[in-house]
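Chemist: Would you mind keeping the following structure in view while I ask a few things?
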Amino acid sequence: MAPEKESNGLDNLALALAGRVCDLQDPKHGEEVDSSMDDEHSKLVYGVTDVPPWYLCVLLGIQHCLTAFGGIIAIPLILSEGLCLQHDVLTQSHLISTIFFVSGICTLLQVTFGIRLPILQGGTFTLLAPCMAMLSTPEWTCPAWTKNATLVNTSSSEFIEVWQSRMRAVQGSIMVGSLLQVVVGFSGLIGIFMRFIGPLTIAPTISLIGLSLFDSAGTSAGNHWGIASLTTALIIIFSQYLRHIPVSFPTYGKDKKLRTRRVYVFQILPVLLGIGLSWLLCYVLSTFNVLPSDPGQYGYLARTDLKGDVVSKAPWILFPYPGQWGMPTVSLAGVVGILAGVISSMIESVGDYHACAKLSGAPPPPKHAINRGIGIEGLGCLLAGAWGTGNGTTSYSENVGALGITKVGSRMVIVAGGIFMIAIGVFGKMGAIFATIPSPVIGGMFMVMFGVISAAGISTLQYTDLNSSRNIFVFGFSMFSGLVIPNWILKNPRAISTGVTELDQLLQVLLTTSMFVGGFFGFLLDNTVPGTKQERGILAWNNAHEDSTSNTPDSEEVYSLPFGLSSYFSSSSWIRYLPFCPPAAPKSSDGCGANATSEEPTLRHPEPSHVINGVDL
């Protein structure tokens, strides 16, 4: 997303900055935007390195988790269809617990050893599309009997092997694909990647993530269009019409006096509120038997008592562990498809880092911190694959908006949020509760969520010259090809027959992954069709993601390694050759990515943009 002076309502960061619009200009005194931004930073209650009271850390940490709930929960629910788990809600709850557990671990790693900014880690939709494409191949298509609830025995060894074999294939592909992100991050190659990737590559890649999932949204919402429409309407009302209406909550200030504080709840939690109210309505309608009790009647799947025994069957304590579904297997086709998602995730995260630094009052992240952050995210994807979430991890933009609203930029708050997510993963009944959400409610959420993802991708075109026929051709052809080719391949799965089984599988996954097809043509055409950097949007894109490498004392305090590791490394001469280590001294450029100090480092670059923001509104 791109933070703008005028919020579009779907942009979390823009929503968070809505209260700052009036502060950006002072016609009486002629203050510039930069100085007002400095004033805004000074209004932070707690900075990155500050430690708020424990109760505030707990409350705000839980809030950060709540803002990411929609995206984290949606991923296992969507993936369960490809894994043949539509009618195994208990296993779905286990997947939800696992992804929360791993997200908590990755959050702690990122805040402690990675970018060290207050930014949450969670599942990513960029890896969901290639995983679903892989599971749609003839080899992994679900048997017909798994789609009939009356024929599925979730405890049978045959059914368990059906879904676990698919999960192991997804796990192996994610683990191997994540190695690219580890290498790119810790080797410092992220700068080279960014040099060739511009808005005309990003726009079709991200937009097609949402567009390619329209069938999942329609299938879930179609189980009861009334409930799905209500969920969609509630999310729209909360996020668009009520976003500027605060709700007063009692707070306990530093002066030990009870006060009321206005919190823009509808800005932070529109998805959670929409799902909760629709879920409650489904419960009431099920209790009074307003919804049909006959499985053959329309609307039966909106009942909440279909999965009521799941909560009672789920264990109180659950410890997810690596390899819990068996030894992962590796598929070349799956790995190549995952690589496309990994590249998109890296680009997304770079924008997240700058946005988070801006709102938390930190200096712009230097190169060594960005390299370390991307490397840790790759390590997080590796852990997610090993644990068997069916997905990876990435930086969540949802918590960036919360930073702007709460004015608490302390990373200890995110540490508390990471611990809370681990707790959710350990308590199995919490995951089971979320797995009981009726499918029409989920479908209504998908209607908004996937639409926002598509629009977020298109929003990157703001950096390009949209009056250029060249740009219109590149984007239009890339988008249309990303829809036509995968659709045709899915309808004709046996059309690809080269005689080499492995090559057939590779082409099948790549050509049915919309984001890969669209991104490939966008990358190829944008880098080969003649056009100026200004016309292509490269100059504006680079300015928005300007990588300031200032090494001021503030920067050193924020981005240095913990536990005295920076001081230990600085005593070694060879450390300058590691692109992910902090510089030894605040001098000009050295091997670790230090650069000459710059004046007002937190104010030099414009508001950063983000690729997939507002996924959870």
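Chemist: Name the residue that is most open to solvent (accessible area, probe 1.4 Å), counting only residues in the range 376-412 that are at pLDDT below 90 and among the hydrophobic types (A, V, I, L, M, F, W, C).
Modeler: Step by step, filter the range 376-412, then rank; the result is Ile405.
Chemist: Report, by residue number, each residue of the range 123-158 that is assigned to a helix (DSSP H, G or I) and under 29 Å from Phe69 (Cβ atoms). Even if it seems obvious, please write down each step before you answer.
Modeler: At the first step, the residues of the range 123-158 found to be assigned to a helix (DSSP H, G or I) are 128-135, 144-147, 149-151, 157-158.
Listed by number, the residues that qualify are Leu128, Ala129, Pro130, Cys131, Met132, Ala133, Met134, Leu135, Thr146, Lys147, Ala149.
Chemist: Which condition breaks for Arg195 when tested against (1) at pLDDT 80 or above; (2) open to solvent by 20 Å² or more (accessible area, probe 1.4 Å); (3) assigned to a helix (DSSP H, G or I)?
Modeler: (1)
Chemist: Follow-up. Among the residues of the range 98-115, which ones are in a helix (DSSP H, G or I) and touching a Lys or Arg at 6+ places or on another chain (Cβ under 9 Å)?
Modeler: Just the residues of the range 98-115 that are in a helix (DSSP H, G or I), to begin with: 98-113.
Within the range 98-115, Gln110, Val111, Thr112, Phe113 meet the criteria.
Chemist: Kindly indicate the residue of the range 260-278 that is surrounded by fewer than 18 Cβ atoms within 10 Å (Cβ to Cβ) and out of contact with any Pro (no Cβ under 7 Å at 6 or more places or on another chain) and also modelled with the highest pLDDT among those meeting that condition. Can you show your working first?
Modeler: Just the residues of the range 260-278 that are surrounded by fewer than 18 Cβ atoms within 10 Å (Cβ to Cβ), to begin with: 260-263, 276-277.
Keeping just the survivors that are out of contact with any Pro (no Cβ under 7 Å at 6 or more places or on another chain) gives 261, 276-277.
Details: Arg261: 77, Gly276: 86, Leu277: 92.
If we take residues in the range 260-278 being surrounded by fewer than 18 Cβ atoms within 10 Å (Cβ to Cβ) and out of contact with any Pro (no Cβ under 7 Å at 6 or more places or on another chain), then Leu277 is modelled with the highest pLDDT.
Chemist: Restricting attention to the range 231-259, which residues are in a loop (DSSP other than H, G, I, E, B), in contact with a helix residue (DSSP H, G or I) (Cβ under 6 Å, 6 or more places away or on another chain) and modelled with pLDDT of 85 or more? So that I can check it myself, show each step before the final result.
Modeler: Initial filter on the range 231-259 (in a loop (DSSP other than H, G, I, E, B)): 242-246, 253-257.
The next check asks that each one be in contact with a helix residue (DSSP H, G or I) (Cβ under 6 Å, 6 or more places away or on another chain); those that pass are 242-243.
The answer is Leu242, and nothing else.
Chemist: Consider the range 305-337. How many of its residues are modelled with pLDDT under 85 and either surrounded by fewer than 20 Cβ atoms within 10 Å (Cβ to Cβ) or under 23 Å from Val89 (Cβ atoms) (or both)?
Modeler: The number of residues fulfilling the criteria is 11.
Chemist: In the range 428-449, how many are among the aromatic types (Phe, Trp, Tyr) and surrounded by 22 or more Cβ atoms within 10 Å (Cβ to Cβ)?
Modeler: The qualifying residues number 1.
Chemist: Now for a different question. Of these, Ile496, Ile442, Ile472, which one is in contact with a Ser or Thr (Cβ under 9 Å, 6 or more places away or on another chain) and either in contact (Cβ under 8 Å) with a residue 40 or more places away in the chain or over 30 Å from Tyr300 (Cα atoms) (or both)? It would help to see each step written out before you state the result.
Modeler: Details: Ile496 fails: in contact with a Ser or Thr (Cβ under 9 Å, 6 or more places away or on another chain); Ile472 fails: in contact with a Ser or Thr (Cβ under 9 Å, 6 or more places away or on another chain).
Answer to the selection: Ile442.
Chemist: Applying the selection to the range 84-120, what residues are aliphatic (A, V, I, L, M), closer than 15 Å to Ile424 by Cβ and open to solvent by 10 Å² or more (accessible area, probe 1.4 Å)? Walk me through it before giving the result.
Modeler: Applying the first criterion (aliphatic (A, V, I, L, M)) to the range 84-120 yields 85, 89-90, 95-96, 99, 102, 105, 108-109, 111, 115, 117, 119-120.
Pick out the ones that are also closer than 15 Å to Ile424 by Cβ and you get 95-96, 99, 102, 105, 108, 120.
Selection gives Ile105, Leu108.
Chemist: Condition first: surrounded by fewer than 17 Cβ atoms within 10 Å (Cβ to Cβ) and farther than 17 Å from Leu90 by Cβ. Now tell me which residues in the range 159-173 satisfy that.
Modeler: Selection gives Ser165 alone.
Conditions tested, residue by residue: (1) assigned to a loop (DSSP other than H, G, I, E, B); (2) in contact with a strand residue (DSSP E or B) (Cβ under 9 Å, 6 or more places away or on another chain); (3) closer than 28 Å to Ala133 by Cβ.
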| position | (1), (2), (3) |
| --- | --- |
| Glu377 | no, yes, yes |
| Gly390 | yes, no, yes |
| Ala416 | no, no, no |
| Phe420 | no, no, no |
| Val441 | no, no, yes |
| Phe446 | no, no, yes |
| Asp465 | yes, no, no |
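Chemist: Please go through the range 478-512 and pick out each residue that is touching a Leu at 6+ places or on another chain (Cβ under 8 Å) and over 22 Å from Asp215 (Cα atoms). Walk me through how you get there before you give the answer.
Modeler: Within the range 478-512, the subset touching a Leu at 6+ places or on another chain (Cβ under 8 Å) is 478-479, 482-483, 485-486, 489, 496, 498, 502, 505-506, 512.
Answer for the range 478-512, where residues must be touching a Leu at 6+ places or on another chain (Cβ under 8 Å) and over 22 Å from Asp215 (Cα atoms): Ile496, Thr498, Glu502, Gln505, Leu506.
Chemist: A follow-up question, please. For the range 211-233, give me the residue count where each residue is buried (at least 16 other Cβ atoms within 10 Å of the Cβ), of a type in the set (Val, Ile, Thr) and over 20 Å from Leu272 (Cα atoms).
Modeler: Of the residues in that region, 0 qualify.
Chemist: Still on this structure: In the range 529-545, which residue that is under 11 Å from Arg470 (Cβ atoms) and either aromatic (Phe, Trp, Tyr) or part of a helix (DSSP H, G or I) (or both) is farthest from the chain's Cα centre (by Cα)? I'd like the intermediate steps shown before the answer.
Modeler: We begin by selecting, within the range 529-545, every residue under 11 Å from Arg470 (Cβ atoms); these are 529-532, 535-536.
Next cut, either aromatic (Phe, Trp, Tyr) or part of a helix (DSSP H, G or I) (or both) only: 535-536.
On the way: Glu535: 29, Arg536: 26 Å.
Ranking the candidates gives Glu535 first.
The values are calculated or read from the model by the stated rules, or taken from the named source; none is laboratory data. The model shown is predicted, which means the values in this text are computed figures rather than measured ones. Every residue, glycine as well, gets a Cβ built from its backbone with ideal geometry; the counts of neighbours run over all protein chains shown. For accessibility, only protein heavy atoms count, side chains too; no ligands or nucleic acids. Shrake-Rupley method; radii C 1.70, N 1.55, O 1.52, S 1.80 Å.
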